[in-house]
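One structure is given below, encoded as C-alpha cells.
The values are calculated or read from the model by the stated rules, or taken from the named source; none is laboratory data. The structure displayed is predicted, hence computed values, not measured ones. Ideal geometry is used to build each Cβ from the backbone, glycine not excepted, and the neighbour counts take in all protein chains shown.
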C-alpha cells in the first residue's frame with residue numbers, strides 16, 4: 001500500500017475508486033465503504049482511501065490504521081490535515097481540483113452523513129450532481145446500526161471511555177488494540193511480582209480507563225493470552241502512563257519485540273495496594289479470572305469474527 005501524508009500538492013493518480021472521511025477507528029461502517037472501493041479494485045481501479053486528519057487523540061494511531069487498511073487491500077492511503085486551506089476550500093473546488101483533477105476519480109463512496117468543504121456545504125447529493133458532470137459514479141451508503149443507534153467514532157469513544165471493551169469490539173468489528181515495542185521497565189515485576197511486557201502508548205492514542213484488562217498479545221503470528229494493567233502502577237509509583245502485560249505461561253525475554261495487545265474485557269480499576277504481597281495476591285486472582293475467560297472463549301474466533 002502507498003501511504004501519503006499530504007502537506008501541499010496532491011499526487012496525480014489514475015482511475016481511482018475513492019472513499020472519504022475521518023476514518024477514526026475504521027469501524028464497521030467504515031469497513032463497508034472500504035468493501036465498496038475494493039469491489040471497484042476487482043474491476044481494475046485503484047482503491048484509494050482519503051482520510052482527513054484531526055488534532056484529537058485517535059482510536060487507532062495513524063500507523064495502526066495504515067496497517068489495518070493495508071491488510072484489507074487498500075492500494076493508496078491519503079492523509080490530509082484539515083488546515084486553513086482545506087477548511088476554506090469550497091466543496092465544488094475540492095471536487096473539481098482534487099477528486100477529478102488530481103485523483104481522477106471514477107467512483108466515490110461516502111456515508112449518508114458525509115460533509116466536506118467550506119462551512120461543510122459539500123454533501124453526498126452535491127457529489128452525485130457533480131459526478132454526472134465530471135463522469136464519476138457516486139454511491140451513498142446508509143449508516144451501520146447497533147442497538148438502534150448509528151455506529152460512529154463518537155459512539156465508540158463513549159464506550160471506550162467507560163472501559164466497555166465488549167461493546168467497543170462489537171462496534172469496531174475487531175478487537176481494540178495497541179501496537180508498540182516491548183520496553184525495559186524498572187524490573188519490579190521480575191523481582192517482586194510476575195514478569196511482564198511493557199509498552200508505552202503514543203500520545204495520539206486514545207486509551208480506555210486505567211485498570212486491569214483481559215488481553216491477548218500478538219508477536220507476529222504467535223498469540224499469547226494474558227492480563228494487562230493500563231495506568232501509572234500506583235503501588236510502584238510510575239510517573240508515566242504505561243501498558244504492562246503479564247503473559248500466561250511465558251518466561252522468555254521479549255524486550256525489543258513488536259507487540260499488538262488486543263483488549264477483550266475490563267476486569268477492575270487500577271488501585272494502590274498497601275504492600276507488594278497484597279498486590280501479588282490480587283494479581284493471582286486477576287490471572288485466574290483471565291484464564292477462566294479464555295477457557296470459555298476462543299481468542300482466534302474473537303479476533304477473526306466480522307459482524308454484519
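Within segment 53-78, being under 15 Å from the mean Cα position of the chain (by Cα) and assigned to a strand (DSSP E or B) holds for 53, 58, 77. Residues that are assigned to a strand (DSSP E or B) and either surrounded by fewer than 16 Cβ atoms within 10 Å (Cβ to Cβ) or within 20 Å of the chain's Cα centre (by Cα) (or both) within segment 213-230 comprise 213, 214, 215, 216, 217, 218, 219, 222, 223, 228, 229, 230, listed in sequence order. Among residues of segment 10-40 being out of contact with any helix residue (DSSP H, G or I) (no Cβ under 8 Å at 6 or more places or on another chain) and assigned to a loop (DSSP other than H, G, I, E, B), the one that is surrounded by the most Cβ atoms within 10 Å (Cβ to Cβ) is 15. The one condition from (1) in contact with a helix residue (DSSP H, G or I) (Cβ under 7 Å, 6 or more places away or on another chain); (2) free of Cβ contacts under 8 Å to residues at least 40 places away in the same chain; (3) within 29 Å of residue 228 (Cα to Cα) that residue 173 does not meet is (2). In segment 251-260, is there at least one residue being under 26 Å from residue 278 (Cβ atoms) and at pLDDT below 95? Scanning segment 251-260 turns up at least one residue that is under 26 Å from residue 278 (Cβ atoms) and at pLDDT below 95.
Screening segment 137-159 for residues that are out of contact with any helix residue (DSSP H, G or I) (no Cβ under 7 Å at 6 or more places or on another chain), touching a residue at least 24 places away in the same chain (Cβ under 8 Å) and part of a loop (DSSP other than H, G, I, E, B) and picking the one that is surrounded by the most Cβ atoms within 10 Å (Cβ to Cβ) gives 152.
Among the residues of segment 196-212, those that are within 27 Å of residue 251 (Cα to Cα), part of a strand (DSSP E or B) and touching a residue at least 60 places away in the same chain (Cβ under 8 Å) comprise 197, 199, 212.
Here residue 93 meets the list (1) touching a helix residue (DSSP H, G or I) at 6+ places or on another chain (Cβ under 8 Å); (2) more than 23 Å from residue 177 (Cα to Cα); (3) part of a helix (DSSP H, G or I) almost entirely, failing just condition (1). Which residues, taken from segment 250-282, are surrounded by 16 or more Cβ atoms within 10 Å (Cβ to Cβ), without any contact (Cβ under 8 Å) to a residue 60 or more places away in the chain and assigned to a loop (DSSP other than H, G, I, E, B)? Matches in segment 250-282: 250 only. Of all residues in segment 78-103 being surrounded by 16 or more Cβ atoms within 10 Å (Cβ to Cβ) and in contact (Cβ under 8 Å) with a residue 40 or more places away in the chain, which is nearest to residue 1 (Cα to Cα)? Per the criteria, the residue is 78.
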